[in-house]
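Below: the structure, in structure tokens.
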Amino acid sequence: MIDPRAAPPPPAARGRAWFMVPRLGGWAVSAALSGLMLVAVLPLASWASTRAVVVGVLLSLAAGLSLHRPLLASAGIALVLTAGIGHTPAPASTGLIASFVAIVSCAAHGRLLCSILLSVWLVSPPVISAALRGSSPEYIVSETMLRVVVLTAAVLAGTWGRTMLDRALAERERRIADLAEQRRAIARELHDTGVRAMTQVVMLAENASRREGVAAPDAADFARIATTSRDAAEELRGLLDSLREEDERPLPARRDAEPSVTALLEEFRTQLAEEGFAARLAIDSEQLELVDRTGVLRRCLGEIRANLVRHASRSTPVTVMVEQRPGPPRPEVDLAVWNGVEASDRRGPRGGAGLDGMRERLTAIGGTLAVRQEGRSFLTRLTVPASDEMTPSR
């Protein structure tokens, strides 16, 4: 992960970054390139001589290797062409194509000086061979100009590709830095508004519960307000710390001593009772530890409770039904919450940001969410799959 606070990487570091970029499909592309060149060169080289076949095979293999090891492949191509001076060569196109691919790859890997020197070297052997064979001066000049043009184009093409890569890396670094600054700005604003406001609510509720003449039920309500606000403030502080971190990992779920599924459901029933609901809990089978999934279930139960407080009828019991299903592909907990709808609530329960958030959380771990209203009855059903490290609850 690139640190947005760090300076742009030096050329050497950017060169190393190139090797972390997928190389056009890896070695399979290198093998395909070598295979295509072998198919093209072997029929023609076999009519010339055995030496021409060997040279053609070596040049074809070096062309494929150049996509991953450009310096080694370029040096190999130059040595093969140099060793073939004065002998019957492989078809000229093979050496030219192999040289072009090697020089492009060398320049694209950030070895510009080496690519230029290799280009000069790779121009010489074919020209010397042509002169030793007694070719006409016009042919030698045209052969030299062709190779100079092709290899110069190879250097320019590789340099252009390298420039495009550097620009893409620089743009990525800029975007990461901008994103990190936005995260820090959001964290600052939320701290200065949300956390301070909840802290003030805690202080007001605690002071109100200690006042003289406050009835015991009212004092208990103030204490609940203070406890809820304090827990929310602590969770928000943890999320703000995650926003300030310089990484791209998702925000961590709550991991501090997560209770079992059964304990979460009992806590959910107790909270509903405190809100004035008659809650019934039906567990069809022994529950499982969801390991890393209890944090998601806690969030979903919190959203369900908030919707019940806003929209549900307290005269109708809330029924919570839980079933453990073995799968496949993995065991999962199927939870259904049935409640009545307050008659004065003309809007009725409907999906909003909270339900969308539940659905996104569950979808991220392979779970599902379904809601349905029939008359004055409302059903919320969700499935939470167990993680791969599932263990039976005790």
Kindly report, to the nearest 10 Å², the accessible surface of Ser105 as traced by a 1.4 Å probe over protein heavy atoms only. 10
Solvent-accessible surface ranking, highest first, for Thr383, Thr82 at 1.4 angstrom: Thr82, Thr383
Calculated from backbone phi, Karplus (6.51, -1.76, 1.60) coupling profile of region 103-108 in Hz, x at Gly/Pro: 5, 4, 5, 5, 5, 5
Chain lengthening between Glu235 and Arg325 when straightened (0.36 nm per residue, less Cα-Cα): 29.2 nm
Probe 1.4 Å, all protein chains in place: accessible area of Met37 in Å², nearest 10? 20
Based on the Cβ-Cβ distance of Thr163 and Leu72, what FRET efficiency does E = 1/(1 + (r/R0)^6) give at R0 = 30 Å, to the nearest 0.05? 0.80
Can you give the Rg and Dmax of region 81-229 based on its C-alpha atoms, in angstrom? 37.1, 118
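Roughly speaking, what is the stretch gain from Ala278 to Val148, that is 0.36 nm per residue apart minus the C-alpha to C-alpha distance, in nm to one decimal?
Result for the pair: 38.0 nm of gain on full extension.
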Separation of the Thr50 and Glu245 label points, Cα + 7 Å toward Cβ, nm: 6.6
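The values are calculated or read from the model by the stated rules, or taken from the named source; none is laboratory data. This one's a predicted model, so the numbers in the text were calculated from it and none came from an experiment. Neighbour counts run over all protein chains shown; Cβ positions are idealised from the backbone, glycine included. We work out accessible area using only protein heavy atoms, side chains counted, and drop any ligands, DNA or RNA first. Shrake-Rupley method; radii C 1.70, N 1.55, O 1.52, S 1.80 Å.
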